Amino acid sequence: MTSKTDETPRVQTLLLDADGWGGHRPGQHLDVRLTAEGGYQAQRSYSIASAPDEQLAITVERLSDGEVSPWLVDEAHDGDRFELRGPIGGYFVWEDDGRPVFLVGGGSGVVPLMAMIRSSSGGARMRLLYSSRTLEDVIYRDELAERDGNGVEVVYTLTRAQPPGWTGYSKRIDTALLREIAWPASDRPHVFICGSTRFVDAAADGLVELGYDPESIRTERFGATG
Ligand SMILES: Cc1cc2nc3c(=O)[nH]c(=O)nc-3n(C[C@H](O)[C@H](O)[C@H](O)COP(=O)(O)OP(=O)(O)OC[C@H]3O[C@@H](n4cnc5c(N)ncnc54)[C@H](O)[C@@H]3O)c2cc1C
């Protein structure tokens, strides 16, 4: 690992220097394996946050009662070495074929979507619907503000608390919200949804209700939390 950046109070981006890394496609993930002194090993998956032409990066949310994420966020230091395996995944991957791209992220589920945004040359129409608990929990906040309107439209919903004067959405993603934000199904967008299992199911069900072809919807579930 070469360096770390704070994204939110609980989330950090780790820049990695991986020997022999063969490159990746936007949306893929890697596995991190940690080995304790006694030989005990723990392995977890992390989406790749960087575009293929950037230094390899992952963005990790610390779960206070977790095993691996607190170590990566609180303990890992520049120069530490740990095992990586990847890139992994061929399904949750974006390839630009000119069709619009609708990205739906919940919490740290924005990470692989950010890799897609960072990989875009600006040719594709992209829209990100990003659900966070509060504004402080928004990952990549400054970068998204810069990119909003430059190749991607960013729409936020803050589900737990909103700052004074908040003009974005303030509710959980449901069919009514998706109807306002998503392109019509007839535009045939590619859809990538990532977040907790419940979040992903709600967003995918809502889009199917709006007439989206289930085949056009790709999902990645990080687990119960997120
Ligand atoms: C494809 C993929 C990509 C992912 N990408 C990212 C990413 O980009 N960023 C990110 O932050 N995370 C990502 N994740 C999630 C990540 O892999 C880990 O699951 C996460 O970091 C938590 O790991 P942990 O070891 O800290 O927590 P764990 O120790 O695995 O615990 C996770 C939660 O489960 C609970 N738990 C653990 N064991 C039990 C048990 N026996 N019974 C009941 N509850 C239990 C814990 O209390 C905790 O709340 C991704 C997951 C997948 C599958």
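Data table
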item	result
Meets criteria (on the phi > 0 side of the Ramachandran plot and more than 14 Å from the chain's Cα centre (by Cα)) for Gly20	yes
Any hit, the range 30-39, residues being assigned to a loop (DSSP other than H, G, I, E, B) and of a type in the set (S, T, N, Q)	no
Selection count where residues are farther than 17 Å from Met114 by Cα, within 16 Å of the ligand (Cβ to nearest atom) and open to solvent by 80 Å² or more (accessible area, probe 1.4 Å), scope the range 190-226	2
Residue match in the range 145-157 (condition: free of Cβ contacts under 8 Å to residues at least 12 places away in the same chain and closer than 29 Å to Thr35 by Cα)	no
Selection status of Asp78, open to solvent by 70 Å² or more (accessible area, probe 1.4 Å), assigned to a helix (DSSP H, G or I) and under 26 Å from Val138 (Cβ atoms)	no
Odd one out for Gly165 among (1) more than 16 Å from the ligand (Cβ to nearest atom); (2) part of a loop (DSSP other than H, G, I, E, B); (3) closer than 24 Å to Val11 by Cβ	(3)
Odd one out for Tyr40, checked against (1) farther than 18 Å from Val111 by Cβ; (2) more than 9 Å from the ligand (Cβ to nearest atom); (3) open to solvent by less than 60 Å² (accessible area, probe 1.4 Å)	(3)
Top-ranked residue in the range 44-53 [being farther than 19 Å from Pro9 by Cα and either within 13 Å of the chain's Cα centre (by Cα) or open to solvent by less than 80 Å² (accessible area, probe 1.4 Å) (or both); ranked as farthest from the ligand (Cβ to nearest atom)]	Pro52
Residues located in the range 87-103, provided they are farther than 13 Å from Pro52 by Cβ and out of contact with any Phe, Trp or Tyr (no Cβ under 7 Å at 6 or more places or on another chain)	Ile88, Gly89, Gly90, Tyr91, Asp97, Gly98, Arg99
Selection count where residues are of a type in the set (Val, Ile, Thr), more than 30 Å from Trp183 (Cα to Cα) and near the ligand (Cβ under 8 Å from one of its atoms), scope the range 55-114	2
Cβ pairs under 6 Å, 6+ apart, first in the range 47-66 and touching a residue at least 40 places away in the same chain (Cβ under 8 Å), second more than 8 Å from the ligand (Cβ to nearest atom) and of a type in the set (Lys, Arg)	Ala51/Arg118; Glu61/Arg10; Arg62/Arg10
In the range 1-10, the residues that are out of contact with any Lys or Arg (no Cβ under 7 Å at 6 or more places or on another chain), modelled with pLDDT of 95 or more and either assigned to a loop (DSSP other than H, G, I, E, B) or not hydroxyl-bearing (Ser, Thr, Tyr) (or both)	Lys4, Asp6, Glu7, Pro9
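The values are calculated or read from the model by the stated rules, or taken from the named source; none is laboratory data. Given the structure is predicted, the values throughout are model-derived calculations rather than measurements. Note: ideal-geometry Cβ built from the backbone for every residue, glycine included; neighbour counts use all protein chains shown. What goes into the accessible areas is simple: the full protein's heavy atoms, side chains included, and nothing from ligands, DNA or RNA. Shrake-Rupley method; radii C 1.70, N 1.55, O 1.52, S 1.80 Å.
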